[in-house]
């Protein structure tokens, strides 16, 4: 049976704990025509978080250009963008941040950011080929910053190496404004044939819905809500909101997904990142103008006795939601059995635009998908803003005003033959050879970077 908490009507206090405003709680009651139960409130809480709905920033994001002569998929239409690169090929790419989890647990926060961005690529049918990153940290002399730099760089490097996708470049910047909350932006690019894209949609009443990949656990619950909070010194209490990644499992999921994409079994597919099953089921349903019935007790779990809302909000990594053409179920089962991955039929596509979740035969939640998603009924706010003074100064700068050194080649060669630089390189190499079984090259590079920057600050 569903938990008593689920069956009990929710309160304004619970809504505020989930990051919802009093007026948003009232709006939810108007949408449903009743007071939501705890499970339904949890669904609205994560879907209306800034992380999922962009309710405070979407008015600005919409001002960014998204059209182009070679665009096959515009920004925001699917999990990632798609550009025609000629010769019958297309490049699929996306950049996304994983800031708050990295501030709390830098290794797993950064690693799962890499994993999530790669899933956005291959869930569309593209094979990832390259990764980039853009990082922002606080004062380099602070112990916290040193801890974050080492954890983030190692998390990015380890996940990418284990997954088998090279990190071809990146950038890093240090400023006091990032002392508490770093910015960790991961980019992934993949290649696919034109016309073979898998869309994140659902259609076809009666078509089965599968969950594939890793089992569902309690890691990352309310992660989307956490990612929308302000980070403070007390945020360590939110550790369960941080996801845990498994790059080797994701490698298997990549190969299984791409193999499945070459069959005629797939209607639509969506990876599970923020808000887990909740987000993928509602976004796919809203995109396809259909509904879904999902049986949560059929979801393979890592822990016993998980509650309905825990299953719905879990952000366990390396999972996909797949809508399959009825009669093609055996194809899906065979492929994922081959790759030794969990594969379970947990629902069905329905008429209408409502998503219903059941637990042990009882209705746990009944929500209208369009009212939950970005571009649908999710709140949109026009916040007060002002242009900072530093931006006025920045606009006065013109790169053309900087003269290129007359003897650029000599300048570079001089820098490369600097005795201090050579000594550092030799020291770094010897340290790596001596400790390669204990420490990764990414960690050693982070050490060298920190030492170099601290030295420059003190001289």
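Coordinate-derived values only; no laboratory data. A quick note: this is a predicted structure, and the numbers were derived from the prediction, not measured. Cβ sites come from the backbone with ideal geometry, for glycine too, and all protein chains shown count toward neighbours.
Take each peptide in 206-212, 303-309, count the other Cβ atoms within 10 Å of every residue, and average; sorted highest first, the result is 206-212, 303-309.
With the cut-off at 33 Å, report for segment 82-359 the share of all Cα pairs above it, as a whole percent. Everything past 33 Å amounts to 21 percent. Stretching the chain fully between residue 191 and residue 400 yields a gain of 71.7 nm (0.36 nm per residue, less the alpha carbon separation). Rounded to 0.05, the FRET efficiency of the residue 297 and residue 144 pair, given R0 = 41 Å and the Cβ-Cβ distance, is 0.45. In terms of packing, defined here as the mean over residues of other Cβ atoms within 10 angstrom, the peptides 255-261, 10-16 line up highest first as 255-261, 10-16. Packing, as the average of other Cβ atoms within 10 Å across residues, places the peptides 269-282, 153-166, 81-94 in the order 269-282, 153-166, 81-94, highest first. Here the spin labels are modelled as points 7 Å beyond Cα on the Cα-Cβ line, and at residue 161 and residue 12 they lie 5.4 nm apart.
Computed from the C-beta positions of residue 305 and residue 344, the FRET efficiency with R₀ = 22 Å rounds to 0.75. Label sites at residue 35 and residue 175, each approximated as a point 7 angstrom past Cα along Cα to Cβ, lie 4.6 nm apart.
How much length would be gained if the chain were fully extended between residue 413 and residue 330, taking 0.36 nm per residue of separation minus their Cα-Cα distance, in nm to one decimal? Length gained, residue 413 through residue 330: 23.6 nm.
Each label point was placed 7 Å from the Cα along the Cα-to-Cβ direction; for residue 244 and residue 95 their separation is 3.2 nm. If the segment from residue 168 to residue 66 were pulled out straight at 0.36 nm per residue, it would be longer than the present Cα-Cα gap by 34.2 nm. By the count of neighbouring beta-carbon atoms within 10 Å, fewest first, 172, 266, 184 end up ordered 172, 266, 184.
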